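Below you'll find the structure, written out as structure tokens, and then a few comments.
No value in this document is a laboratory result; all are computed from the given coordinates. Source: prediction; values computed, not measured. For neighbour counting, all protein chains shown are included, and Cβ atoms are generated from backbone atoms with ideal geometry for every residue, glycine included.
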Amino acid sequence: MATVLEDVGRGTIAHLDYVGSLNIQLWATLRAMGSALPLVGNRYRWQAAVRQMLQIGVDALPMVALMAICTGFILAMQGASELRRFGAIHYVIDLVAVGFTRELGPLLTAIAVSGRSGSSFAAEIGTMKVTEELDSLRVMALEPVEFLLAPKYLAALISVPCLSIISNVCGILAGGLFMFFSTRLDPLLYFRYVLDSIVLRDVITGLIKSVAFATIIAHVGCLEGFRVRGGPDSVGRSTTSAVVKSTFLVIVADAVFTAIFYFTVKS
Amino acid sequence: MPIISIRDLVVQYDGHCILEGLNLDIEHGETMVLLGGSGSGKSTLLRQILALERPKSGTILVKGIDITRCSAAELKSVRRSIGVAFQSAALFNSLSVEDNVALPLREHTRLAPSIIELVVWMKLAVVGLADFGKFHPQELSGGMKKRAAVARALALEPEILVLDEPSAGLDPIVSAELDELILLLKEVFQMTVIVVTHEMPSAFRIADRIAMLYNGRFTSIGSKGEIKASQNPRVRQFLDRIPEDMTKTSAVAAYFGKYLQTQEASE
């Protein structure tokens, strides 16, 4: 019994420690963020941020677009097969449009980015830790939080919402294609319906979510890197755990945000 | 006044005492060699001098500033006057050798790019790598990496140069070259040099004074001659390469006997 209690206690403390470290890192990064901004900040940080944006955003574009198109088709087909029985196939438009802007666009993007970039953050920083590069940054009076984290976080904050919008557009396009082939719905008419069904609030809530997801992915990835202890094997472990933890936290955060938006719209 | 002065330094990890009340003064312009076997605490001491870790108690004054308690801004200014070459060289693998050396200059000075280029070339020339600026660290041999790390450490013309195991993993010729380089640097730039090593020939070649660490304490501190003439059993053991008891045949037999006893007891 005592050992069970001990284990539960130890597990709880470990999780609290993790959440605490994440928070500390987030605040430290926000404080250092000024240096990464263009014009007012350090131009080398901004250059690093632009490079990161290319890696997180531009390089992920084909994958995110393809994922969104496939998911758009899936959603439209699954929706149509049920809704057709009620003669309500035109609701597929609402399903795809609202489903993507509010939910699937940001979520799919976050999962793709956490697999691509979250893991690469963890691997990059973890390797730097193992090879003493982080220490050598520190003794050169360059804080790793400012030097590495701020540009990565800024890049994630900009590119993840952009990717989400692109993912929304691709998903909705796929829905339009499906409607065109299955019911010969004119694409222009489809887009008019789409614009009728989504409101600005849907887009904004989707973007708020994707900003939160970007925060989770960047910080979990980097924290896992900083927590590397020992040799190369632990870099591998932390890379895996960066993807697992950030995907998990993204979905938890999604649930929380969706609940908040659901209950605030009623009142 | 000594440039570095360590008083009653105690360092503990998880309840284990690594350093037990060290006192050491390093004078301006001298070469101090920290000598000690594996696990003697010399790397820990180095990390303390570089303020990479906080001690349990005690003070470390570098240029009159207590780096165990000072503000972040003060620490930054102290670090700018220390150049460090780590054991693994810790060059940034994503940057060319030139950019590695240029990094501290770009970050901490407002020199024009053309001047930085010139300074970088000069530093690389000093360590004999003027033709290798465009190479990436992974394309260099072990000795070249070490020398590139020294060039980077020299970039900001530090008052204190710290070298962690400069000859570890290098053949005798290359490591002798590094020794000569250290002597040259000291003569030319009048720097205070701290070298951590376990190589006796190298230590006696470059040192003004030697501080010998054993089990977290200084067994003796003195000039080359004093150390050579020392009658301290630990110093003698180190100088005369006498193995610890555990490698004697009687000790091995005793371990073996103990192992057989536990096997019999378990049967």
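For B:102-113, what's the mean count of beta carbons from other chains sitting within 10 Å of each residue's beta carbon? Taking all residues of B:102-113 together, the mean is 2. Beta bridges per DSSP, both residues in the protein assembly as shown: antiparallel share near 55 percent.
The mean number of partner chain beta-carbon atoms within 10 angstrom of a residue's beta-carbon across peptide A:128-134 is 5. Rounded, prolate or oblate, given the Cα gyration tensor of the range B:52-130, with a/c below 1.5 counting as rounded? Prolate.
Shape class of the range A:2-266 from the Cα gyration tensor (axes a ≥ b ≥ c, square roots of the eigenvalues): prolate, since a/c reaches 1.5 or more and a/b is larger than b/c. Note on B:108, B:16: ascending count of other Cβ atoms within 10 Å places them as B:16, B:108, the fewest first.
Rounded to whole Å, give me the distance from the Cα center of the range B:118-141 to that of the range A:107-172. Here the answer is 30 Å between Cα centres. Dimensions of the protein assembly as shown along the principal axes, based on C-alpha atoms and rounded to the nearest Å, stand at 101, 76, 42, largest first. Look at the dipole of the protein assembly as shown built from charges on Cβ: of B:265, B:160, B:37, the Cα furthest out on the positive end belongs to B:160.
Could you tell me which residue out of A:156, A:44, A:193 lies farthest along the dipole of the protein assembly as shown toward its positive end? Charges go on the beta carbon: Lys and Arg +1, Asp and Glu -1, centred on the Cα centre. Toward the positive end, the furthest listed residue is A:193.
Around the amide H of residue B:56, modelled in the peptide plane, lie the amide H atoms of B:10, B:11, B:12, all under 5 Å away and 5 or more residues distant in sequence or on another chain. Our helix-only sum for chain A, with -39,500 (n - 2.57) per DSSP H run of n ≥ 4 divided by its residues, gives a mean residue ellipticity at 222 nm of -26500 deg cm²/dmol. Going from the fewest other Cβ atoms within 10 Å to the most, the residues A:254, B:240, B:8 appear in the order B:240, B:8, A:254. Cross-link partners for residue B:224 among the aspartates and glutamates, with Cα-Cα distance under 14 Å and sequence neighbours closer than 8 places in the same chain left out: B:30, B:199, B:208. Summing charges over all other residues whose Cβ lies under 13 Å from the Cβ of residue B:149, with Lys and Arg as +1 and Asp and Glu as -1, gives 0. Compute the long axis of helix A:119-130 from its Cα atoms, compare it with the longest principal axis of the Cα atoms of chain A, and write down the angle in degrees, 0 to 90, nearest 10. Helix A:119-130 sits roughly 0 degrees off the main axis of chain A. Arranged from fewest to most other beta-carbon atoms within 10 Å of their beta carbon, B:242, B:182 become B:242, B:182.
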